[in-house]
Structures are given as structure tokens and as C-alpha cells.
Amino acid sequence: MAISRESFKKAIIEAKKQSGDRKFKQSLDIAINLKLLPKGTKIEEHIQLPQGRAKPAKICGLVSAELKDQASKLCDSMVLADDFPKWTDKRKIKKLLSEHHFFIAQANIMAQVAKTFGKYMGPRGKMPNPKAGQIVPPKVNLEPIVKKLKATVVLKLTKSPVLHTTLGSQELDDDKLAENAYHIYEAILHVLPNHDQNIASMFVKTTMGKAVKVA
């Protein structure tokens, strides 16, 4: 199914109408239902939204002295390699993982990262991903990396043949939300084995509103 940017905009406008009068800011979400996928198909795409997320992603830096100053300034939180031995409480680690969307790790301490956090990060999909730029050399400018991750969403195929994520805040301009939606759509088309033939349907909805089909 080939979808235009205008189709997303129309569905977004209708979804906002269906949202009802709420006392909190809602987000706009998208669901992409898939079909005819070959057995064993895996999808995990990190997509930077051109108009940003509803709320910026929270980033934690796992670094040593070389990136300490940058990470403390740019990331939402930071764990120094020297302090890794203190992270033995699994509840504390799980709390850290639940409070952050992405982790940036310094490349030369990845073995320590894996030893300390790996068995908890892996099952939750929080292990630093080199394709998303989350594993960095000790001498790097973190600012553009953090900026990109702040606007990044992850679409991952699990047990159900559906991909879903946020498009942004309901208060965002319709054209900007449509731009985010179309950007996601194009990114997913490139990774599907049969492109638009693998898309059964797409819906957008606000947090508490009804789903509206994109047509």
C-alpha cells in the first residue's frame, strides 16, 4: 500500500478530533500492521524523527574520564566506569534501565559495560547499538549524538506482526506530525522484504483517542 504525506495528515487531523477533551497533553502514535513476512524476519530500526518526539528520549552515558565532562553536561545521567563495581544490585540496575531510553557507551570500556549491565540490558533491548551511534570513541563530540538520540524512536518487531511508536505531541502542528509519520513509513519500507506489499494497514491515534486508519 502506497501512502502519501497528505494521507497521514488527514488521518492525524481526524485522530485529534477523536481524542476527546483531556486535562493532560496526549501524544500521537502510529501502528503499522504487517503481513506476508517470511518466517524469522527481524526488524529493529532506530529512526530519528525530523520534528522530534513527544518527549525527548532520556539518555544515560556510560563513560570514563575522557568523556566525563561532556556526558555530565549533555546526558540526563551518567555512570563512570570507575563506579561500575558498585553496580551489583539488580533492582538498582533495572531502575536505571527503566528511566532511560538509550545508553551511550564509550567503546574502550564496552567489555566492562557488558560485564556489569549486559545481562539486564540485552532482554530489554537497551544494549548500546553501534548502528544507532551509541558506541563512541573516547575522543568524540557527544553533542550531535545526544541530539540525534533525543529525537529517535525504535520500531521493533516482536511476537506480533505490528510496529508502533510515537509521532510526537498532539500539540505539534499537523504538517510536522505528518512529516514524522511519513519519515517513519519511508524508513520501514526500506527494511521490509517486499516493501509496501508487507504493510496490511496503518493507524494513528492519540493516547486516549480512537484509532484512525491511514488511507
Within region 41-55, count every residue that is surrounded by fewer than 18 Cβ atoms within 10 Å (Cβ to Cβ) and of a type in the set (D, E, K, R). 3
Is it the case that region 56-66 has a residue that's surrounded by fewer than 12 Cβ atoms within 10 Å (Cβ to Cβ) and either touching a Cys at 6+ places or on another chain (Cβ under 8 Å) or at negative phi (or both)? yes
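Listed here are the residues, each with its yes/no results for (1) under 22 Å from the mean Cα position of the chain (by Cα); (2) modelled with pLDDT under 95; (3) of a type in the set (Val, Ile, Thr); (4) under 30 Å from Asp173 (Cα atoms).
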site	(1), (2), (3), (4)
Glu6	no, no, no, yes
Arg22	no, yes, no, yes
Gln26	yes, yes, no, yes
Glu44	yes, yes, no, yes
Pro50	yes, no, no, yes
Arg53	yes, yes, no, yes
Leu74	yes, no, no, yes
Pro85	no, no, no, no
Lys95	yes, no, no, no
Answer yes or no as to whether Asp196 is modelled with pLDDT of 95 or more and part of a helix (DSSP H, G or I). no
Among (1) within 24 Å of Val191 (Cβ to Cβ); (2) surrounded by fewer than 17 Cβ atoms within 10 Å (Cβ to Cβ); (3) touching a residue at least 24 places away in the same chain (Cβ under 8 Å), there is one condition Gln18 misses while meeting the rest; what is its number? (1)
Going through region 55-72 one residue at a time, which ones are under 16 Å from the mean Cα position of the chain (by Cα) and farther than 19 Å from Met110 by Cβ? Lys55, Pro56, Ala57, Lys58
Which of the residues spanning region 180-205 are surrounded by fewer than 22 Cβ atoms within 10 Å (Cβ to Cβ) and touching a helix residue (DSSP H, G or I) at 6+ places or on another chain (Cβ under 7 Å)? Tyr182, Leu189, Leu192, His195, Asp196
Among the strands (runs of 3 or more DSSP E) confined wholly to region 51-167, which include 3 or more residues that are without any contact (Cβ under 8 Å) to a residue 40 or more places away in the chain? 77-80
Just one of the numbered conditions (1) in contact with a helix residue (DSSP H, G or I) (Cβ under 8 Å, 6 or more places away or on another chain); (2) under 26 Å from Lys176 (Cβ atoms); (3) surrounded by fewer than 19 Cβ atoms within 10 Å (Cβ to Cβ) is not true of Lys94; which one? (2)
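The values are calculated or read from the model by the stated rules, or taken from the named source; none is laboratory data. All values derive from a computational prediction rather than experimental measurement. Methodologically, a virtual Cβ is constructed for each residue, glycine included, from the backbone with ideal geometry; neighbour enumeration extends over all protein chains shown.
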